[in-house]
Amino acid sequence: MAIRNPKDFWTGIIYLVFGGFAFWIARDYGMGTASRMGPGYFPTVLSSLLMLFGVIAIVRSFIVPGEPIGKFAWKAAVLVLLATLLFGFLIIRGGLIAALLALVLVSASASDKFKFDWKATLGLGLLVAFCSLVFVKGLGVPMPLLGTWFDS
Amino acid sequence: MEIAANLWLGLQTAASFVNLFYCLIGVFLGTAIGVLPGLGPVATIAMLLPVTFGLPPVSALIMLAGIYYGAQYGGSTTAILVNLPGESSSVVTALDGYQMARNGHAGKALATAAIGSFFAGTVCTLLIALFSPPLAEVALKFGPADYFSLMVLGLVASIVLAHGSLLHALGMIMFGLLLGLVGTDVSSGVARFSFDLPELADGINFVVVAMGVFGLGEIIGNLEHEEGRSVMLKKVTGLMPTRDDLKRIVGPVLRGTGLGAVLGILPGGGAMLASFSAYALEKKMARPLVPFGKGAIEGVAAPEAANNAGAQTSFIPMLTLGIPSNPVMALMIGAMIIQGIQPGPSVMTEQPALFWGLIVSMWIGNLMLLVLNLPLIGLWVKMISVPYHLLYPAIIVFCAIGVFSLANTPFDVYFMTVFGLLGYIFRKLDAEPAPLLLGFILGPMMEEFLRRALLLSKGSPLVLVTRPISATLLALSAVALIVVLTPALRKKREEAFHEEE
């Protein structure tokens, strides 16, 4: 038996894993009675349905053929996601300026076309200045420009 | 003339200096971001949503609505000028619009799109004003069981009318419903799926989900095949269509408006389905001489009128029933809840100024688009010319800051990252994530309505089929599901969505 539709197969696996996980956690929530639905009732029903769809997708993936999954853009995905994680990590500790530098430089390197030249530097400078002015000074989002690392 | 009085009230609200200002800002920002390829209206609205939190509810909603049709319109501009639809509903516009631009009629194509959109917008604003009050009145008679069934119908219809695999649409809905349940259960106070994290006690903010799945996910997807894109013309000339052109577009605009208005009301329909079907209809109606696909002005007028009509009328179920018919409306509902307004039929009676103000502002927004955008075309061309590799880091910056500002915690930024990864994976697996957002918004509401329905019926699930309204709605859902599972119709549905090939 071979998987004939990998897209279906893996989507099914995702449904099954998430559904199973949600079902397993929801066991601890009370089911309640029919007239007084407990907190576990709805999640249990939904996660069961999700698992059911997962099983159908997996079964179908062995029967109905489909296209292979396209190449996964690992480099772009890792760099973009890493960039946002770094922003979250640095925003309080390093402050907005440090967080923006990290976010922009890491995410920009996901593109093959990115070159660190004077144009990019200028753009980066403008972006940091814009965000500091508009979001911090203008809209009053409580982000320190320099984070706790710079406190002495 | 109750309608006139209502519209007058709306005009007073919408035409106040502050609201005109926010409408203008919304339309402008929406267009500016909408012209950037690869950033659809959902991502645009999600990105700009945090900016509106500080505004009073009326201004916030007016601005968001402005962003929505601005983004629609911007998408068409990109479709015509670079053959890269800024969002899915302008895919068909690109077919003939880009060809017109190549033939040197870019200005005419843009003007046609603007005129068609404006006409459709005007008609549909009136439709909303006419049909919302009676519909809201009906909705006030709905009990919890009826609401539950209505939401079931909404979700089913969104599956039927969405493109892609039915099974995965169902799966995405369940997934979304489950995600929506994260957080403290209202009736028992149990924190569900929160893993003892205080940040999850109030649930996941829908902006986090939308920005992750539709913003980051899309950016990664775009980076996959980075192509250079060139704006073919730096200067757009010859804006005005000739009298002959106008004659040619009357029919398509009228048909597009009608079709779009009807499809927009249906759950899951909205702008995209409207533009696809309008194009297909024109192709069937047109005389054989009309060069579809080679720069036919009809092929721009009809889908543009239809997608704007659909975008407009999709507000009807949102405003009267509190039910989102597409992801954009799901975001609008989320925005209302954040503003402290419980969406539903009572909005109209309790907040008439907000309700009618929003409706009138739609028309004003459309007028602004017509007046502003043609002169500003040079600016939009410049925006499109910014290379993507310089653009997307800035988009991520705005997403990150926006998400951070929701609750001023880095936690939301981490969560957006998780949803970004999920969004990209779903994209690779061809599992369309739009139903996920619908489910996410509807999840907690459905649970509440079901709970109340069962409480009233003393635990008998039969209440869902014994109440006539609820039974009808459920029967409709069943019919829709059965119909769409019939092989013959299934084929037809797939054809409808493959019009572009």
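Key figures for this structure:
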{"item": "Peptides B:432-438, B:196-202 ordered by average Cβ neighbours within 10 Å, highest first", "result": "B:432-438, B:196-202"}
{"item": "Contact order normalised by residue count of the stretch B:156-223, Cα under 8 Å, 6+ apart, percent", "result": "20 percent"}
{"item": "For the stretch B:2-497: Kirkwood Rh in Å [reciprocal of mean 1/r, alpha carbons]", "result": "22.8 Å"}
{"item": "Peptide-level mean, for A:17-25, of C-beta atoms on other protein chains within 10 Å", "result": "3"}
{"item": "Of the DSSP H helices in chain A, those whose Cα atoms cover at least 27 Å axially and whose Kyte score averages 0.5 or more", "result": "A:6-26, A:41-63, A:74-93"}
{"item": "Positive-end extreme of charge dipole, the protein assembly as shown - chosen from B:GLY107, A:LEU133, B:ILE341 (charges on Cβ)", "result": "B:GLY107"}
{"item": "Per-residue Cβ neighbour rank within 10 angstrom, fewest leading, B:LYS428, B:LYS284", "result": "B:LYS284, B:LYS428"}
{"item": "Kirkwood hydrodynamic radius of the stretch B:262-414, Cα pairs, Å", "result": "18.7 Å"}
{"item": "In degrees, nearest ten, helix B:327-338 long axis to first principal axis of chain B (Cα)", "result": "50 degrees"}
{"item": "Rg/Rh ratio calculated on Cα atoms of the stretch A:1-60 (Kirkwood radius)", "result": "1.15"}
{"item": "Rg over Rh [alpha-carbon atoms, Kirkwood Rh] for the stretch B:147-191", "result": "1.10"}
{"item": "Relative contact order for the stretch B:88-201, counting Cα pairs under 8 Å that sit 6 or more residues apart, in percent", "result": "9 percent"}
{"item": "About the Cα centre, charge dipole magnitude for the protein assembly as shown (Lys/Arg +1, Asp/Glu -1 at Cβ), debye", "result": "900 debye"}
{"item": "Cβ-defined net charge surrounding B:LEU140, 13 Å radius [Lys, Arg +1; Asp, Glu -1]", "result": "-2"}
{"item": "Under 11 Å, Cβ to Cβ, from B:ALA113 - net charge with Lys/Arg +1 and Asp/Glu -1", "result": "-1"}
{"item": "Averaged over B:186-194, number of beta-carbon atoms from partner chains that fall within 10 Å", "result": "4"}
{"item": "Helix-derived mean residue ellipticity, 222 nm - over chain B, DSSP H n ≥ 4, -39500 (n - 2.57), to 500", "result": "-24000 deg cm²/dmol"}
{"item": "Anisotropy class of the protein assembly as shown from Cα gyration tensor, a/c 1.5 cut", "result": "rounded"}
{"item": "Pairs beyond 18 Å (Cα-Cα), from B:LYS108/B:LYS247; A:LYS75/B:LYS382; A:LYS7/B:LYS428; B:LYS294/B:LYS382; A:LYS7/A:LYS71; B:LYS108/B:LYS294", "result": "A:LYS75/B:LYS382; B:LYS294/B:LYS382"}
{"item": "Cα gyration tensor shape for the stretch A:74-150, rounded if a/c is under 1.5, else prolate or oblate", "result": "oblate"}
{"item": "Percentage of interatomic Cα-Cα distances in chain A larger than 26 Å", "result": "58 percent"}
{"item": "Built amide H within the under 5 Å cut-off of B:ARG192, gap 5+", "result": "B:GLY183, B:THR184, B:ASP185"}
{"item": "Order by protection proxy (mean Cβ within 10 Å, highest first), peptides B:339-346, B:204-211, A:69-76, A:115-122", "result": "B:204-211, B:339-346, A:69-76, A:115-122"}
{"item": "10 Å Cβ neighbours from other chains, averaged over peptide A:110-117", "result": "4"}
{"item": "Per-residue Cβ neighbour rank within 10 angstrom, fewest leading, B:TYR424, B:TYR388", "result": "B:TYR388, B:TYR424"}
{"item": "Size of electric dipole in the stretch B:2-497: Cβ of Lys, Arg +1 and of Asp, Glu -1, about Cα centre, debye, nearest 20", "result": "1280 debye"}
{"item": "For B:ARG451, A:ARG4, B:ARG243, B:ARG427, order by how many other beta-carbon atoms lie within 10 Å, fewest first", "result": "B:ARG243, A:ARG4, B:ARG427, B:ARG451"}
{"item": "In sequence order, calculated HN-Hα J values of the stretch B:170-176 (Karplus, 6.51, -1.76, 1.60; Hz; x Gly/Pro)", "result": "4, x, 5, 5, 4, 4, x"}
{"item": "Farthest positive-ward along chain A dipole, Cα basis, beta-carbon charges - from A:SER61, A:THR11, A:THR148", "result": "A:SER61"}
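Read the figures in this text as sums done on the coordinates, not as results from a lab. The structure presented is a predicted model; accordingly, all values stated were derived computationally and were not measured. Ideal geometry is used to build each Cβ from the backbone, glycine not excepted, and the neighbour counts take in all protein chains shown.
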